[in-house]
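Notes for the one structure printed next.
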Amino acid sequence: MNYTPEQISQIVLKVLKEVETPDILGLSYEEKIELLIDPNTSQETLRILATDEDYNVRYYVTRNQNTSQETLRILATDKNPGVRCGVARHPNTSQETLAILATDEDSFVRNSSTENPNYKKQTLELNSVQYDALKKLIESGQDEVLKGIL
């Protein structure tokens, strides 16, 4: 197969980058934690550490202020509720991710997500006909019907 000089250059740069990039997941637990508490750790390093098998490492990813919204979105589906809770508390977590976490099976995760300043409650907007119908339900004492609607 014949490669152009540009293709060869790209291949060489890719290989050099792979050789120069340390195996982050192969670091010791202590070395990973040092990276995770460093406010200058790159988003790419945090993204890689978010895949670590140790849930404590994944949790510490949620504690770093540089963690991207994308990485937090991925961690929002973590099997460990502590990790999901960390996502729910993170200031970079998007409204969409917080809305999903607000329905989590774990009550701590749900509560943490709704306490995040980025969380926006869904408001119930009613037109005048809907408002009148709800008002009649309330006045008639049909609370069970009202609970079913809301």
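Each reported figure results from applying straightforward, stated rules to the coordinates on display, with no laboratory input. Since this is a predicted model, take the numbers as computed values, not measurements. A quick note on method: Cβ atoms are made from the backbone with ideal geometry, for glycine too, and the neighbour counts reach across all protein chains shown.
Packing, as the average of other Cβ atoms within 10 Å across residues, places the peptides 98-109, 81-92, 30-41, 54-65 in the order 81-92, 54-65, 98-109, 30-41, highest first.
Straight-distance candidates among the aspartates and glutamates for linking to LYS120, with alpha-carbon spacing under 20 Å and chain neighbours fewer than 8 residues away dropped: GLU70, GLU96, ASP104, GLU105, ASP106. Label separation (SER140 vs SER28): 7.2 nm, computed from points 7 Å beyond Cα along the C-beta direction. Using Cβ point charges alone (K and R +1, D and E -1), the dipole size of segment 23-115 about the Cα centre works out to roughly 320 debye.
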